[in-house]
Amino acid sequence: MTGTSASARATTAAPPYEELLTLACRAPSVHNTQPWLWRATATGLELVADRSRQLLHSDPDGRDLAISCGAALHHVQVAAAGLGWASHVRRVPEPGRPHRLAMVSFTRAPVSPDATRLLQALAARHTDRRPLGSWPVPPEQLHSLARSGSRWGAHVLPVSDGAVRQRLAELTARADELQRSDTAYLDELALWRRNDRGSGMPTADLLRREPAPPEAMEEEGVGLLMVATSSDDTLSRLRAGEALSEVWLRATQKGLSVVPMSQCIEVAQTRAEVSGTVLEDRLCPQILVRIGWLPASREPLERTPRRALRDVFLRT
Ligand SMILES: Cc1cc2nc3c(=O)[nH]c(=O)nc-3n(C[C@H](O)[C@H](O)[C@H](O)COP(=O)(O)O)c2cc1C
């Protein structure tokens, strides 16, 4: 035994970063680009945006990139809580330093049953684009997911009005058409579908079509949630990603499937209409998600790959 007191150990010890970051990097990201880097600092971990992995054509202003990094930031907090650590997060995107997104420090904390369940959901979560079962998602479940997501600093809103849902499906179809008629977009998509060095989409996802087809929004019983924010800066997008990740993990716990439908927000022309139609121009749309029940008898899916930890974890 050393003379170090328990309280001193509690403030100086660090979580097992490799285990923590392996879990955090299971986070969803646009086209599985995993556009994040983690740097160990004297006080914890720094989350840095890897702009070399930005989809310059379909995501020119980095919205999907920041949302993906926000999902990883939420994942690191969930993983830490499940391993017995409380996270203290400072979200720090600044105009002069667009790469540095957040600093996280950790202190020891007891593991709650909820933290254990959420960590299990993190390990189980994945994108499943197969057709949904026709049982409707009960409105109270959607509202409960929306409330959980909204605690993370974004507005998560159920979209239940039939006319608005119909318009969103049309706008998604329009965005899909515009993107697919653009060769630069298709080249970029093909690049990330190649699935080398632990990122991109596996071939099996090609067969299921990624992005999920617009008609997926019109399936019977599908629930829609819109994640929106009052500003449209990097901090807001980071928060939107944290909210998306919270919704996704809570939905996974309940056996619900979640698929983000980002196209109608990626295309500037349709984004403006989404803002007007769904949000009365009062909030900025960040990401739309489709939620539903998968048929019970489905086959397990191959998981999307992840980059090697040595490529995303900078120790100095
Ligand atoms: C910001 C963002 C946008 C996404 N947009 C779409 C989309 O439009 N269509 C789709 O099918 N999946 C979309 N996804 C899901 C990703 O393709 C998926 O998370 C990634 O391939 C990793 O696979 P996994 O979720 O199974 O771990 C999106 C994910 C994020 C974080």
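The values are calculated or read from the model by the stated rules, or taken from the named source; none is laboratory data. Here the structure is a predicted model, which means the values were calculated and not measured. With ideal geometry, Cβ positions are generated from the backbone for all residues, glycine too; neighbour counts draw on all protein chains shown. Heads up: the accessible areas ignore ligands, DNA and RNA and are worked out on the full protein's heavy atoms, side chains in. Shrake-Rupley method; radii C 1.70, N 1.55, O 1.52, S 1.80 Å.
In table form, for the structure just shown:
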| read-out | value |
| --- | --- |
| Arg108 vs. criteria closer than 15 Å to Glu242 by Cβ, of a type in the set (Lys, Arg) and in contact with a strand residue (DSSP E or B) (Cβ under 9 Å, 6 or more places away or on another chain) | no |
| Residue within the stretch 222-233 that is out of contact with any Cys (no Cβ under 6 Å at 6 or more places or on another chain) and either of a type in the set (Asp, Glu) or at pLDDT below 75 (or both) present | yes |
| Lone unmet requirement of (1) in a loop (DSSP other than H, G, I, E, B); (2) surrounded by fewer than 19 Cβ atoms within 10 Å (Cβ to Cβ); (3) within 16 Å of the ligand (Cβ to nearest atom) for Gln34 | (2) |
| Check on Ser68, surrounded by fewer than 24 Cβ atoms within 10 Å (Cβ to Cβ) and at pLDDT 95 or above | no |
| Matching residues in the stretch 260-293 - criterion: being closer than 15 Å to Ala175 by Cβ and either open to solvent by 50 Å² or more (accessible area, probe 1.4 Å) or hydroxyl-bearing (Ser, Thr, Tyr) (or both) | Ser262, Ala268, Gln269, Thr270, Arg271, Ala272, Glu273, Ser275, Thr277 |
| Which numbered condition Gly292 misses (of (1) away from the ligand (no atom under 16 Å from the Cβ); (2) outside any loop (DSSP other than H, G, I, E, B)) | (1) |
| Of all residues making up the stretch 295-316, the number that are within 13 Å of the ligand (Cβ to nearest atom) and not hydrophobic (A, V, I, L, M, F, W, C) | 7 |
| Some residue of the stretch 130-145 being within 29 Å of Gly200 (Cα to Cα), open to solvent by less than 40 Å² (accessible area, probe 1.4 Å) and in the same structural domain as Trp248 (by TED's automatic domain parsing) | yes |
| Boolean, Val259 is aliphatic (A, V, I, L, M) and within 13 Å of the ligand (Cβ to nearest atom) | yes |
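Listed here are the residues, each with its yes/no results for (1) under 23 Å from Val89 (Cβ atoms); (2) under 19 Å from the mean Cα position of the chain (by Cα); (3) assigned to a helix (DSSP H, G or I).
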{"position": "Arg237", "(1), (2), (3)": "yes, yes, yes"}
{"position": "Ala243", "(1), (2), (3)": "yes, yes, yes"}
{"position": "Thr270", "(1), (2), (3)": "no, no, yes"}
{"position": "Arg303", "(1), (2), (3)": "no, yes, no"}
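Quick grid of which residues meet (1) closer than 30 Å to Arg100 by Cα; (2) touching a residue at least 24 places away in the same chain (Cβ under 8 Å); (3) not β-branched (Val, Ile, Thr):
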residue: Gly255; (1), (2), (3): no, yes, yes
residue: Cys264; (1), (2), (3): yes, yes, yes
residue: Ala268; (1), (2), (3): yes, no, yes
residue: Ala272; (1), (2), (3): yes, no, yes
residue: Gln286; (1), (2), (3): yes, yes, yes
residue: Trp293; (1), (2), (3): no, yes, yes
residue: Arg298; (1), (2), (3): no, yes, yes
residue: Arg307; (1), (2), (3): yes, yes, yes
residue: Asp311; (1), (2), (3): yes, yes, yes
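Listed here are the residues, each with its yes/no results for (1) touching a Leu at 6+ places or on another chain (Cβ under 9 Å); (2) within 15 Å of the ligand (Cβ to nearest atom); (3) modelled with pLDDT of 85 or more.
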residue: Asp161; (1), (2), (3): no, no, yes
residue: Arg165; (1), (2), (3): yes, no, yes
residue: Glu177; (1), (2), (3): no, yes, yes
residue: Leu206; (1), (2), (3): no, yes, no
residue: Arg209; (1), (2), (3): no, yes, no
residue: Ala212; (1), (2), (3): no, yes, no
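A quick yes/no check of all residues on (1) within 14 Å of the ligand (Cβ to nearest atom); (2) assigned to a loop (DSSP other than H, G, I, E, B); (3) open to solvent by 50 Å² or more (accessible area, probe 1.4 Å):
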residue	(1), (2), (3)
Arg90	no, no, yes
Met103	no, no, yes
Ala115	no, no, no
Leu119	no, no, no
Ser148	no, no, no
Leu171	yes, no, no
Ala184	no, no, no
